[in-house]
Amino acid sequence: MSGDDHGHGHGDQSRFIKHHYDDAQHQFDSGKFGIWLFLAQEVLFFSALFVAYVLYRVHHPEIFSYAHKWLDVKMGAINTSVLIFSSLTAAWAVRAAQLKQPRLLIVCLATTIVCACAFLGVKYLEYSHKIHEHILFGRYFDPCVSPGGEELLTKNNECSGAKSTISWDPGTGKASEGCFDADKHDTDIKLFGIQADCQVFEQEPYKAPVLRGSATHDCTKTREVFASVEGSGGTYTFTGDCDTLIIKGDKNQVTIESVKHLTVDGAGNQVTVTKVDDAKASAVPADPKVKVDPKHPAPYVAASTITFAGPPVEGKYPPKLGPTAGEVKPDQGEKWRDKVEIKNQCPDELLMKLNAHQSESGASKEAEAAPKYPCWRPAYQPNVCPDQTTPEQHAHGAATKSQFGVLVEYNDKVERGDDVKIRAECKEAPAPKPLDAMATANKPAETDNQGIHPIHIASEHEEQEIESLGPPPEHTSMFLTIYFLMTGLHGLHVFVGILVFIWLLVRAVKGHFTPDYFGPVDFAALYWHIVDLIWIFLFPLLYLIH
Amino acid sequence: MATPATHDVIPENLKNLPQGPVTEPDFLHVTRGFKSWAFTLDHKRIGMMYLFGILFSLLLGGTFALLLRTELWAPGKTIVGPDTYNQFFTLHGSVMVFLVIIPGIPAALGNIIMPIQLGAPDVAFPRLNLSSFYLWISGATLLILTIPFGGLDTGWTLYTPYSLETHSAVMVATLGVFLLGFSSIFTGLNFLVTIHKFRPQGMGWFQLPLNIWALYGTAVMQVLATPVLGITVLLLTVERFGHIGIFDPAMGGDPVLFQHFFWFYSHPAVYIMIIPGMGVISELISTYARKPIFGYRFVAYSSLSLALLSFLVWGHHMFVSGQSRLANMVFSALTFTVGIPSAIKVFNWVATLYKGDIRLKTGMLYALSFLLLFTIGGLTGLFLGILSVDVHLHDTYFVVAHFHYVMMGSTLVAFLGALHHWWPKFTGKMYNETLGRWCAIGVFVGFNTTFLPQFVMGARGMPRRYWDYDPQYQTFHQISTIGAFILGISLLITVCYLVASFWTGEKAPRNPWGGSTLEWQAPTPPTLYNFETPPVLHEIYNYDDLVEVSPDRWERIIPTDADGAVVPPKAHH
């Protein structure tokens, strides 16, 4: 501090030599010793993270070998060389300061700053990609793709391409949407394919059209299965197979080719259904407002007439009327309809990818024969749902947990928002096998036996490859926790380094540094070297695991 | 009592060389106003600000101690419910450990005394020193802010997984501890550089006062252990804030890893607390027994070896935390080795007392208390180091009593002794010696009354940190509570008469106790840069040429050679 000017000055020495030091050398030596202690402190500060790294890697090698493939070695290598180069320029800056080369000093300091910024820029790219793909730590770990580029299911359905889950609930015997087996999944490729026998559809929303005045509407062409008529006194024609129609207005002339669910709510409507072959129309809602046509013993809306023009099919009359207007409010919200059936062909597709990976030529034929997407397969979703396996199923050993889970997985690269639902119609879950039956089934069985599809017995190398294609092993988020902690703390040090070097640059421009007084440059360069050194450890430990 | 002594009344035959009248203003009066303190770079002023912060924290932590002792007067609810009780012992522990004992001797008294003992004008990095202080203030503020932000009920150890689940203000506390940690690191770094680079010419490593050896060992630990605490509480903060899972078994994390990290710091921290106390005791015993310290080199080396061994024994806090059997045995064996340097120190102090010209000043009373209390604390530590015994005694009042004997009975007593020893030097005022002696006795009696029954209780199975207890323990708890109040009242009176001495105390001479180290050559209070003229180096702990010219006033006689000619002093600067 300039205010602390003390009696004994330091002669012709730099004005930055503080009064309580004997001379410039004393100040420099003290600073140097201080910065070395600080660096020792830094090493200890980082050491806890290295200890955590060693501990978790020893205990869970599989998550490290799986998850490190998410890291881009190219990016890491670029950063390594950028940092090493900046260490060189930092060291050169010290030399420039010692030799009284102010211009070189400024150039070196500026280069160091630019390199440090480049490092953080690359880090930004890496981080933002991981944030986008939910390849994050702890609770936020919800990856959209596996390290092998395979689309994965996410908890929140936030990623393009990866969608909802269906589970077979053994309690109710029905498929339900959303959750399946929680904590364990079977990473063994041989057991892929165990699943409940389901038919799975992707659904899409649509808004029911509301018709007024007079209109002709083709249900088949627009694939709209739901519509309502709200106008009065108009003439409407519905062609094609309609799913649900609601007529709210009064005194309309409505001609319908075919309909599954019909609600007539208004008064004085004349409704004619020309094709009455709805096989699914069986139940008749007991709605007092609906009056029955004399020809057909079904209820009808008061003051409306519904004529069934087509030939009656025995036992199929009348078409199901309803839902009633109170139950369906087409103008208020969305309705879902099946868009496309999703084939269960994913296990083969996984194998196909593997084969294509191994030999480009040999796999091409199989790849051409590969099923079209989308498809679905049993899979794993981390930490979402409780275990639904019953103790009996455990005891029989047949009920592997993935049995109750199917992952619906798209690979058609179509961006989907939140407006996609999955619907499943499932048959019974496979019955648990008795133990002796299991013993025979454990031989490499090729048959489709009670839902088990043993698709491939993978070699060790293949398993590793498949591993990176498949869903993550348990607690994979720990790798990312460590990755983000280590690189984050390191990045913070780089950021602080940038601030320090900017401060040095300002002082260098002002010409503060002389051969007598260059301590700050030297100390900052030492700090920069340790930051570099830590990265040189981090790069192989995180990016180059094999 | 000391007669009013002025510097110009010096007997003719004892005319002293560098101790003439002081012309420069002392550091307390060289500048005035709030800013002159808030932005001071003077190590003494920074040390004094620390000191008053620490005394305030001591009163705060002591209040919590008395509150929780009152609560334990009877089984069941006495004054507060169990949740509040949890907050009481947590805040008592956190405040006492992080705000009082760790910075007590190094940051406060060390800051004031260490550079003067070295004959240096200041510490190596005065601005770093000031920023350490502000880090301390910020950390302390955050730690105290936990009270309005929902309290803290994790215990000072902040063990996971509870510290991840509790709704109390853990993040505020961990951020506070993080700042306090870096305050400690920077102080240690500063001291290491100062001791290395600011020793005067002619003061080799083995001419250093033992206090400085102790501060050196402490600083090594502060620089090497505290960063691990820093990263640990940082991880805990991030874990609570960002759910990263590193300590959360549900996400594959390991809660015991937290214990390892925590004790990797906090065991050395126990020595960060005790070693400066040992350094002070070496100074006090030598000075008040008028004898050179017995086995100087061994005492010096034992400080360093304690510092090194302290890094190897953290696992003895975790014998029942699921460590492997091998780790338990290794840690247990290493724990016993700590007894060796500790015993070396105690034996050397006792040997120093032997045939000494003992003066029972307040400082000496505290030093003697230290000897007794540290011996009890150290020996009971060996009980706990035995694996089988530890399983029985773990988390009982036996442990509580043991570490209070070390942390309070030793460190705080040494702090009080040091405070009384150097108080006249840096305030320029003599405190009330009679009150001082009575309070020293009060602290000793109160302390033992508080904690001796806890050994018995603990051995009989009373678990620590419990709000309620079986009636069979009530007598012990009541004795303990009475002792705590004796202790509390003694400490309160101590703080009062010390502060009162600013107004009522007599002016202190340069050397009231006949100390031989360099700080007693500095003016009282020291000037801004500590010495008007470079101090003269004498043989360390040689009291032969120091003479008490009047009560509480010592002067050094002129050294002469065989012919009676004055030997010119060696200036170092």
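The values are calculated or read from the model by the stated rules, or taken from the named source; none is laboratory data. Worth saying up front: this structure is predicted, and the values here are computed from it rather than measured. Here Cβ is always computed from backbone atoms with ideal geometry, including for glycine, and neighbour counts include all displayed protein chains. Remember, those area values only see protein heavy atoms, side chains included, never the ligands or the DNA or RNA. Shrake-Rupley method; radii C 1.70, N 1.55, O 1.52, S 1.80 Å.
Calculated accessible area for the range B:297-399 comes out at 44 Å² per residue, all protein chains present (probe 1.4 Å; ligands, DNA, RNA ignored). Taking the accessible area of the range B:355-471, probe 1.4 Å, and keeping the other protein chains in place, the carbon and sulfur fraction comes to 69%.
Just add up the charged neighbours of A:Ala96: K/R +1, D/E -1, any other residue whose Cβ is under 12 Å from the Cβ of A:Ala96. Once all neighbours under 12 Å are counted, the net charge is +2. Based on Cα contacts under 8 Å between residues 6+ apart, the range B:24-101 shows a relative contact order of 32 percent. Taking all Cα pairs closer than 8 Å and separated by 6 or more residues, the relative contact order of the range B:337-419 comes to 41 percent. When each of the peptides B:97-108, A:116-127, A:513-524, B:365-376 is scored by the mean number of other C-beta atoms lying within 10 Å of its residues, the order from highest to lowest reads B:97-108, B:365-376, A:513-524, A:116-127.
When A and B come together, around 3400 square angstrom of accessible surface is lost from both chains combined, probe 1.4 Å. All Cα-Cα separations within the range A:1-136 were binned at 10 Å from zero, giving a P(r) of 10, 20, 30, 20, 13, 7, 1, each value a whole percent of the pairs. Contact with the other protein chains removes 50 Å² or more of accessible area, compared with the isolated chain and a 1.4 Å probe, from these residues of the range A:115-139: A:Arg139. A Cβ-based charge dipole, computed about the Cα centre of the range B:294-438 with Lys and Arg at +1 and Asp and Glu at -1, lands at about 500 debye.
In chain B, the calculated helix contribution to ellipticity at 222 nm averages -20000 deg cm²/dmol per residue, counting -39,500 (n - 2.57) for every DSSP H run with n ≥ 4. Rounded to the nearest whole Hz, the Karplus-based 3J(HN,Hα) values (6.51 cos²θ - 1.76 cosθ + 1.60, θ = phi - 60°) of the range A:516-521 follow the sequence 6, 9, 10, x, x, 5, with x at glycine and proline. Close amide-amide hydrogen proximity is noted between A:Thr255 and A:Tyr236, A:Thr237, A:Phe238, A:Thr272, each under 5 Å apart and 5 or more residues distant or on a separate chain (H modeled in the peptide plane; Pro and chain starts excluded). For chain B, the relative contact order works out to 19 percent when only alpha carbon pairs closer than 8 Å and six or more residues apart are counted.
For A:Gly511, what charge total do you get from the other residues with a beta carbon under 14 Å from its beta carbon, if Lys and Arg give +1 and Asp and Glu give -1? Within the 14 Å Cβ shell, the charges total +4. Compared with its chain on its own, the range A:54-86 contains the following residues whose accessible area drops by 20 Å² or more in the full protein assembly (probe 1.4 Å; ligands, DNA and RNA excluded): A:Leu55, A:Tyr56. Over the range B:229-293, the fraction of Cα-Cα pairs per 10 Å bin, rounded to whole percents and listed from the shortest bin up, is 20, 30, 17, 14, 12, 7, 0. If R0 is 25 Å, the Cβ-Cβ spacing of B:Trp73 and B:Arg465 corresponds to a FRET efficiency of close to 0.90.
For the range A:471-517, the fraction of 1.4 Å probe accessible surface lying on carbon and sulfur atoms is 74 percent.
Among the residues of B:40-47, the average count of other protein chain beta-carbon atoms within 10 Å of the residue beta-carbon is 1. Taking the protein heavy atoms of the range B:92-139 in the context of the full set of protein chains, the accessible area attributed to carbon and sulfur is 76 percent at 1.4 Å.
Taking label points 7 Å from Cα along the Cα-to-Cβ direction, B:Leu326 and A:Lys32 give a separation of 4.3 nm. Remark on A:Asp241: its backbone amide H falls under 5 Å from those of A:Thr220, a criterion applied only to residues 5 or more positions apart or on other chains, H modelled at 1.01 Å from N. Classify the range A:19-80 as rounded, prolate or oblate from the Cα gyration tensor: take a ≥ b ≥ c as the square roots of its eigenvalues, call it rounded if a/c is under 1.5, otherwise prolate when a/b beats b/c and oblate if not. It is oblate, given that a/c is not under 1.5 and a/b is not larger than b/c. Membrane-span-like helices in chain B, defined purely by DSSP H runs whose alpha carbon atoms cover 24 Å or more axially and whose average Kyte-Doolittle hydropathy reaches 0.5, are B:43-71, B:126-145, B:170-197, B:210-242, B:255-289, B:325-353, B:362-385, B:433-459, B:474-504. In the context of the full set of protein chains, the range B:38-142 has a per residue accessible area of 26 Å² (1.4 Å probe).
For B:Val123, nonlocal amide neighbours, meaning residues 5 or more places apart or on other chains whose placed amide H falls under 5 Å from its own, are B:His43.
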